[in-house]
Amino acid sequence: MKEYIDTGKKDTRSGFGAGLTELGKSNPNVVALCADLTGSLKMDDFKANHPERFFQVGIAEANMIGLAAGLTIGGKIPFTGTFANFSTGRVYDQIRQSVAYSHKNVKICASHAGLTLGEDGATHQILEDIGLMKMLPGMTVINPCDYNQTKAATIAIADHHGPVYLRFGRPSVPNFTLADEPFVIGKAITLTHGQDVTIVATGHLVWEALEAAKTLAEQGISAEVINMHTIKPLDTVCLLESVAKTGCVVTAEEHNYLGGLGESVARELSQNNPAPQEFVATQDTFGESGTPAQLMEKYGLNAAAIVAKAQKVISRK
């Protein structure tokens, strides 16, 4: 099994900031808007170097989405930034009407997603955002796994014409993908090859899936780990080829099992290749206050949970 090395923990929001900084230098049409969270979204460098292309809208997220939609009419490529809860739930009507309906070229960039927002608690965490955004016609939904991939995804979406939801997080997590690895929207990455079970993971759960695969290998179980960084459009070719080989699948995500990656996978399997599936996700619940590590443990979003689900799904074959 291929080994992936943690080169040092970094927060994925800083990957977004680094990507935005590069875009500021290379693409004069890129503009950035933030809803009073410039530091939290790591947009300070873009603001300092391109003040004429940075718009601080204050705590007015709905207005930010409207401004972004308008800026596209003049050929600009707006990147909006705030917490995932405020990027989606608070402004869903504006996204639906002003961005998705008219297919505006807005990049909705959302930090502090999922439980790993941590101590701010359930009112600031969001576990429904992937479902909300993937249901919008024409919306691309991306959830990268580490700093390097978030930086690459940020740069890649500037060249994609159409609305994009880019989801990333607050805590420092293992940085294990290659810095120069190209990011292809809609193209999953098979990290390890296996014969017994497919593990399809996204975001922070990708590293946990790799750790789970190591444990499973010690038990004589060969796991194929897929980094499904793009949830819409889903890479159905990669998914179906893997499950045709292994005969079962575990999906892993920092999101409600309703509406997320797992549900998208289940739909594809039901239509093309029915197979046993187990979900590592939150179980139709809100979060609570706690450290990211405490919350991921309590809600079963870690390598141990993936191992247990893999063992269970194999028994169902």
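So Gly39 clears everything in (1) open to solvent by 80 Å² or more (accessible area, probe 1.4 Å); (2) free of Cβ contacts under 8 Å to residues at least 12 places away in the same chain; (3) in the same structural domain as Asn143 (by TED's automatic domain parsing) except one condition, right? Which one?
(1)
Name the residues in region 157-177 that are more than 15 Å from Asn143 (Cα to Cα) and outside any loop (DSSP other than H, G, I, E, B), would you?
Scanning region 157-177 gives a single hit, Ser172.
Only one of these conditions is not met by Lys317: (1) open to solvent by less than 60 Å² (accessible area, probe 1.4 Å); (2) out of contact with any Ser or Thr (no Cβ under 6 Å at 6 or more places or on another chain); (3) assigned to a loop (DSSP other than H, G, I, E, B). Which number is it?
(1)
Just need a number here: residues in region 42-76 that are over 20 Å from Tyr165 (Cα atoms), open to solvent by less than 40 Å² (accessible area, probe 1.4 Å) and out of contact with any Gly (no Cβ under 8 Å at 6 or more places or on another chain).
Qualifying residue count, region 42-76: 1.
Exactly one of these conditions fails for Ala213: (1) over 29 Å from Asn85 (Cα atoms); (2) open to solvent by 60 Å² or more (accessible area, probe 1.4 Å); (3) touching a residue at least 40 places away in the same chain (Cβ under 8 Å); (4) assigned to a helix (DSSP H, G or I). Give me its number.
(2)
Considering each of His103, His124, His50 in turn, give the residue that is free of Cβ contacts under 8 Å to residues at least 40 places away in the same chain, not assigned by TED's automatic domain parsing to the domain that holds Leu295 and not hydroxyl-bearing (Ser, Thr, Tyr).
The unique qualifying residue is His50.
Determine which member of the set Val173, Val99 is open to solvent by less than 10 Å² (accessible area, probe 1.4 Å) and at pLDDT 95 or above.
Just one listed residue meets the conditions, Val99.
The values are calculated or read from the model by the stated rules, or taken from the named source; none is laboratory data. In this text, all values refer to a predicted model and were calculated from it rather than measured experimentally. Note: ideal-geometry Cβ built from the backbone for every residue, glycine included; neighbour counts use all protein chains shown. The accessibility values were calculated without ligands, DNA or RNA, using every heavy atom of the protein model including side chains. Shrake-Rupley method; radii C 1.70, N 1.55, O 1.52, S 1.80 Å.
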